[in-house]
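Following: one structure in structure tokens, then a few remarks.
What follows is calculated from the coordinates using simple rules that are stated; it is not laboratory data. Since we're looking at a predicted model, the values are computed, not measured. Note that each Cβ is placed from the backbone with ideal geometry, even for glycine, and that neighbours are counted across all protein chains shown.
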Amino acid sequence: MASSVYIHIPFCATKCYYCAFNTYTFHKEQAKAYLHALRTEMELYASETEPLQTIFIGGGTPSILSANALSQLLTDIHRHFRITTDAEITVECNPGTVDTEKLRVMRGNGVNRLSCGLQAMQDETLKQLGRIHTVDEFRQSYHLARENGFGNINMDLIFALPEQTMDAWHHTLSEVIALEPEHISAYNLVMEETTPFYESWQAGELHLPTEDTEADMFQYTIETLTTHGYEHYEICNFAKPNREARHNLVYWNNQPCIGLGAGAWGYINGVRYSNIRGIAPYIEQLSHHNKPIADTERLTGHAEKAETLMLALRKREGISVEAYQDRFGEEIGAAFGSILKKWMDLGLLERTATHLRFTSRGLFLANEVFVELM
Ligand SMILES: C[S@@+](CC[C@H](N)C(=O)[O-])C[C@H]1O[C@@H](n2cnc3c(N)ncnc32)[C@H](O)[C@@H]1O
Ligand code: SF4
């Protein structure tokens, strides 16, 4: 049973040059058929959920749907799932695709958190990234969301962008802090192989900041945001007190979550699954009332322990030694004793009274460190 649901809306106005998420150009008719298929998928999973604590409608660009379509989607969710009264319900919104009507539909249907992709506070950078909006359009969308009663807003940012200077990143952060969002996700750019960015980079047309500059940007982000009252609670995530993303904590705690939609993945009854990525085959499967699953993997024994450790170490507090023991009936050292000792000796990991967590140095090297667990 799961008490969290992720719903994927795989449409965007155009594709950003750096993005490898499962998204396609928006077509109204296709979106209609897609929402119909999603409704069938909800039916197929309804009995596998407990009253929902978190719902995340992500993408892609969910806010590209019309107010009518959003209303239909949210009504379908309420019809198929029981939802706790204090559930966190998030929708990803792209600047330039929201208006008062859509925001009202969302508020009226229980959406209480928005996640807005901003990325950078310079118009020329937004253009270089292939974003469809300007900084001004972002500000308008943000203020409109506030005016329509949204009191819990996340902003997504990316640093270590091509040609990005430290000054530009300082400027982005200070402008964002001035807007006082409740939550900030600051990702370092990942060069995804299937993207136009990757091609240009391989062709020598894009120049990335050096690893030292990237580390300095990350360090500066942590210092600046924590000074301004944001808790650094996960490698890339910062929140005002009690504003952590509850849905994302479900992932980092390796708890069950149902994933619905093309390319979505879920984790239920010890099985991780991922859905068919293409929109047409996804719709086709659901027209036969079949779950549109492409792959499954049963996580047992060592794999589940390693994944639980890896995900929990992403949190700044690290992994609770007691929670691990409760879940697996053995001490964490039983499976990972030698590797944990090695990381501690290298100064990458430290023990607190209740947890094992990365040191600041460990945080910078997290991705390289995780490879040893796989
Ligand atoms: C799945 S996207 C959806 C959000 C929304 N469509 C938007 O772009 O405004 C969530 C976030 O992932 C981040 N992201 C996407 N591709 C990335 C990449 N290659 N490297 C780092 N961050 C990336 C961006 O910050 C983006 O806002
Ligand atoms: S970053 Fe967001 S808007 Fe851009 S292509 Fe990816 S999902 Fe779509």
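Between E350 and K32, what FRET efficiency comes out of the Förster formula 1/(1 + (r/R0)^6) with R0 = 35 Å and r the beta carbon distance, rounded to 0.05? All intermediate terms of the calculation are to be shown ahead of the outcome.
Numbers: r = 53 Å, r/R0 = 1.51.
Approximately 0.10, to the nearest 0.05.
For the chain, what does -39500 (n - 2.57) per DSSP helix run (n ≥ 4), summed and divided by total residues, give at 222 nm, in deg cm²/dmol to the nearest 500?
On the way: 15 runs with 161 residues, N = 374.
So the helix-based figure for the chain works out to -13000 deg cm²/dmol.
What dipole magnitude, in Debye to the nearest 20, does segment 315-371 give about its Cα centre under +1 on Lys/Arg Cβ and -1 on Asp/Glu Cβ?
220 debye
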May I have the convex hull volume per residue, in Å³, for the Cα set of the chain?
-> 142 Å³
Gaussian network model of the chain, springs between alpha carbon atoms under 10 Å - residue of L208, L73, L118 with greatest fluctuation = L208
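Can you tell me what share of the DSSP beta bridges in the chain is antiparallel? A percent to the nearest 5 is fine.
Working: 22 of 54 bridges.
That works out to approximately 40 percent antiparallel.
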Just from the alpha-carbon atoms, what are the Rg and Dmax of segment 315-371 in angstroms?
-> 11.1, 31
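Beta carbons within 10 angstrom, averaged per residue: use that to sort the peptides 12-19, 29-36, highest first. Show your work: numbers first, answer last.
Numbers: 12-19: 18.0, 29-36: 16.1.
In descending order of packing, they fall as 12-19, 29-36.
Would you mind counting up the charge near N152? Only other residues with Cβ under 13 Å from its Cβ, with Lys and Arg at +1 and Asp and Glu at -1.
Values: positive: R107, R113, R146, K240, R243, R246; negative: D86, E88, E180, E182, E244.
Combined, the nearby Lys, Arg, Asp and Glu give +1.
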For K127, go through the lysines and keep the ones whose alpha-carbon is under 23 Å away, minus same-chain ones fewer than eight residues off.
-> K15
Report P(r) for segment 1-150: all Cα-Cα distances, bin width 10 Å, range 0 to the bin holding the largest distance, values in whole percent.
-> 11, 40, 35, 13, 1
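So how do D216, D295, D76 line up by other beta-carbon neighbours within 10 Å, fewest first? Kindly include the intermediate steps, with their values, before the conclusion.
On the way: D216 15, D295 10, D76 19.
Starting with the residue having the fewest Cβ neighbours, the order is D295, D216, D76.
Cβ neighbours within 10 Å, averaged per peptide: list 217-224, 4-11 in order, most packed at the top.
Details: 217-224: 17.8, 4-11: 25.1.
With the highest mean Cβ count within 10 Å placed first, the list reads 4-11, 217-224.
Compute the relative contact order of the chain as a whole-number percentage, counting only Cα pairs closer than 8 Å that sit 6 or more residues apart in sequence. Spell out each step's value before the answer.
Values: 634 pairs, mean separation 59.3, N = 374.
Relative contact order of the chain: 16 percent.
Magnitude of the Cβ-charge dipole of the chain, K/R +1 and D/E -1, about the Cα centre, nearest 20 debye? Walk me through the intermediate numbers first.
Numbers: 31 positive and 48 negative charges, 225 e Å.
Around 1080 debye, computed over the chain.
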Considering only G110, P181, G337, whose Cα is most displaced toward the positive end of the charge dipole of the chain, charges sitting on Cβ of Lys, Arg (+1) and Asp, Glu (-1)?
-> G110
